[in-house]
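Written below as structure tokens is the structure these notes are about.
The values are calculated or read from the model by the stated rules, or taken from the named source; none is laboratory data. Everything quoted here is computed from the prediction, not taken from an experiment. Cβ coordinates were reconstructed from backbone atoms using ideal geometry, including for glycine residues, and neighbour counts include every protein chain displayed. SASA here: full protein model, heavy atoms, side chains in, ligands and nucleic acids out. Shrake-Rupley method; radii C 1.70, N 1.55, O 1.52, S 1.80 Å.
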Amino acid sequence: MMLHLSGIETFYGETQALFGVSLEVGPGEVVALLGPNGAGKTTTIRSILGLSPPRRGQISFDNHDITGMPTHRISRLGISWVPDDRRVFPTLTGARNLRLGTRKTRFRSWCQDEMFGIFSALEHLMRRECENMSGGEMQMVAISRALLASPGLVLFDEPSQGLAPNIVQGVMRTIKRLKSEGISVLVVEQNALAALEVSDRTYVMDRGRIEYEGRAQELLDNPVLRRRLIGV
Ligand code: ATP
């Protein structure tokens, strides 16, 4: 397994947000993490990244125990994050943002020209400050920065949030491309159908617990289950 969470329990102060969450992402596998607001999806991502370390349970990545490891060490091992609010540096240009993200790991490294191949509009953003970009443009910078960090696993938190439908399709195509390169992906999405279309497996969370685990296609094919679990 590339990523393995075993029985993690994460708290905000005294408030427990995750109650024994276990999940796995295999090499080159795309996994969708779905569920209603407040289910604990973002907290799961924060736990993996060491931003909200779990109080109990264990997290391993690429055969390293990363439970309780500081965030910078976790990312150096090859986990990249595309946050829902992008977190690009607003006053820096696209090029500077990308340069700041560039890193070598044991995984496949990417160069800027390959990013221009994936996002044809990216080249024109290199000299523009991020604060003067649209949401979709910032997302291209955020995803490119995540890839230039040579990840083995990319965590996407609500990548389609605030984006026009055609740009959402572009993001989903990029996720497929990552899979074809052998990169593992865990994607949290409100847009459950779009995420399921590109995923191999899915977990559905509710109130801090995993309520369902199965093949993405199984959920797509079963309207009753779909309506019960993700309301569509
Ligand atoms: P959303 O789609 O709304 O982001 P989510 O599934 O990502 O939902 P989380 O944000 O992980 O859910 O929230 C899980 C639980 O933890 C919720 O009950 C939420 O209120 C609580 N929570 C989240 N962040 C904090 C925080 N910083 N302090 C206290 N409680 C928090």
Diffusion coefficient, µm² s⁻¹, Stokes-Einstein with Kirkwood Rh over alpha-carbon pairs of the stretch 66-125 at 25 °C and 0.890 mPa s: 183 µm²/s
Report Rg(Cα)/(2.2 N^0.38 Å) for the stretch 187-232, keeping two decimals. 1.02
Quick one, what does Rg over Rh come out to for the stretch 101-165 if you take C-alpha atoms and the Kirkwood Rh? 0.97
Carbon and sulfur %, accessible surface of the chain computed with the full protein complex present, 1.4 Å: 47 percent
Isotropically averaged projected area of the chain, using the convex hull of Cα atoms (one quarter of hull area), nm²: 11.8 nm²
In Å, the Kirkwood estimate of hydrodynamic radius for the stretch 156-226 over Cα pairs equals 12.9 Å
For the chain: accessible area per residue (Å², 1.4 Å): 45 Å²
DSSP bridge pairs, the chain: antiparallel proportion in percent, nearest 5: 55 percent
One point scatterer per Cα, no solvent, Debye formula: log10 I(q)/I(0) for the stretch 39-105 at q = 0.15, 0.17, 0.18, 0.21 Å⁻¹ comes out as -0.56, -0.70, -0.76, -0.95
Which of Thr93, Thr67, Gly7 sits closest to the plus end of the dipole of the stretch 1-102, meaning its Cα is farthest towards the positive end, when Lys and Arg get +1 and Asp and Glu get -1 on the C-beta? Thr93
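Kyte-Doolittle mean at least 0.5 and Cα extent at least 18 Å along the axis: which DSSP H helices of the chain qualify? Spell out each step's value before the answer.
On the way: long enough: 135-148 (20 Å, 0.76); 165-180 (23 Å, -0.26).
Those that pass (Cα extent of 18 Å or more, hydropathy at least 0.5) are 135-148.
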What are the semi-axes of the equivalent ellipsoid of the stretch 57-156, taken as the square roots of 5 times the eigenvalues of the Cα gyration tensor, listed largest first and rounded to whole Å? 26, 14, 10
Express in % the proportion of alpha carbon pairs of the stretch 81-214 at distances exceeding 28 Å. 15 percent
For the stretch 97-119 and the stretch 75-96, what is the separation of their C-alpha centers, rounded to whole Å? 12 Å
Per residue Cα convex hull volume for the stretch 1-84, in cubic angstrom? 96 Å³
Extended-chain gain in nm, criterion 0.36 nm per residue less alpha-carbon gap, His124 and Glu211: 26.9 nm
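Cβ under 9 Å from Gly26's Cβ, Gly26 left aside: what net charge do those residues give with Lys, Arg +1 and Asp, Glu -1?
-2
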At what distance in nm do the modelled label points of Arg87 and Asn222 sit from each other, each positioned 7 Å from its Cα along Cα→Cβ? 3.5 nm
Note to self, the chain gives a 222 nm [θ] from helices alone (DSSP H runs n ≥ 4, -39500 (n - 2.57) apiece, / all residues, nearest 500) of -10000 deg cm²/dmol
